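Structure first, then comments.
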Amino acid sequence: EVQLQASGGGLVQPGDSLRLSCAASRFTLEDYAITWFRRAPGKDRVGVSSVYKNWRTYYPDALKDRVAISRDKNTVHLTMINLKPEDTAIYYCAAAQRDPRLVWATYEYDYWGPGTLVTVSS
């Protein structure tokens, strides 16, 4: 079955940096738009970073100075710097067969991974 797997989460201290990875099985990620979402405790799922099939990248204003996304054939990376306690969340990667018209709309995405937990605490 087609599967996305996010990895790289863990317990980090405020100010640390972290790189998460999204890997695909049964398909090549280069054929899909890939977006990272996160869900913090008690909060809705929100977008973190995205890269489209045409390599265009998107970042929410609140995170644009602290996150970066990169991709190759089968792996997409999310790099976060200067982590804050409010970054604590489960991070998911999602894939869309077609470049989304609305990048942060969850319904645009066809495949989702189970997510990886990032905890930012001293």
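The values are calculated or read from the model by the stated rules, or taken from the named source; none is laboratory data. Bear in mind that the values here come from a model prediction, so they are computed numbers and not experimental data. Every residue, glycine as well, gets a Cβ built from its backbone with ideal geometry; the counts of neighbours run over all protein chains shown. Ligands, DNA and RNA are excluded from the accessible area calculation, which covers all protein heavy atoms including side chains. Shrake-Rupley method; radii C 1.70, N 1.55, O 1.52, S 1.80 Å.
Quick notes
- Phi to ³J(HN,Hα) by Karplus 6.51 cos²θ - 1.76 cosθ + 1.60 over the stretch 50-67, Hz, x for Gly, Pro: 8, 9, 8, 4, 8, 6, 5, 10, 9, 9, x, 4, 5, 10, 4, 8, 10, 10
- For the chain, the relative contact order works out to 36 percent when only alpha carbon pairs closer than 8 Å and six or more residues apart are counted.
- Counting only protein heavy atoms and a 1.4 Å probe, the stretch 21-122 has 53 square angstrom of accessible area per residue.
- Overall, the chain carries a charge dipole of about 80 debye about its Cα centre when +1 sits on the Cβ of Lys and Arg and -1 on the Cβ of Asp and Glu, all other atoms neutral.
- Between the stretch 90-111 and the stretch 1-27, the alpha-carbon centres lie 16 Å apart.
- Evaluated with a Cβ-only charge set (Lys, Arg +1; Asp, Glu -1), the stretch 71-117 carries a dipole of roughly 100 debye about its Cα centre, given to the nearest 20.
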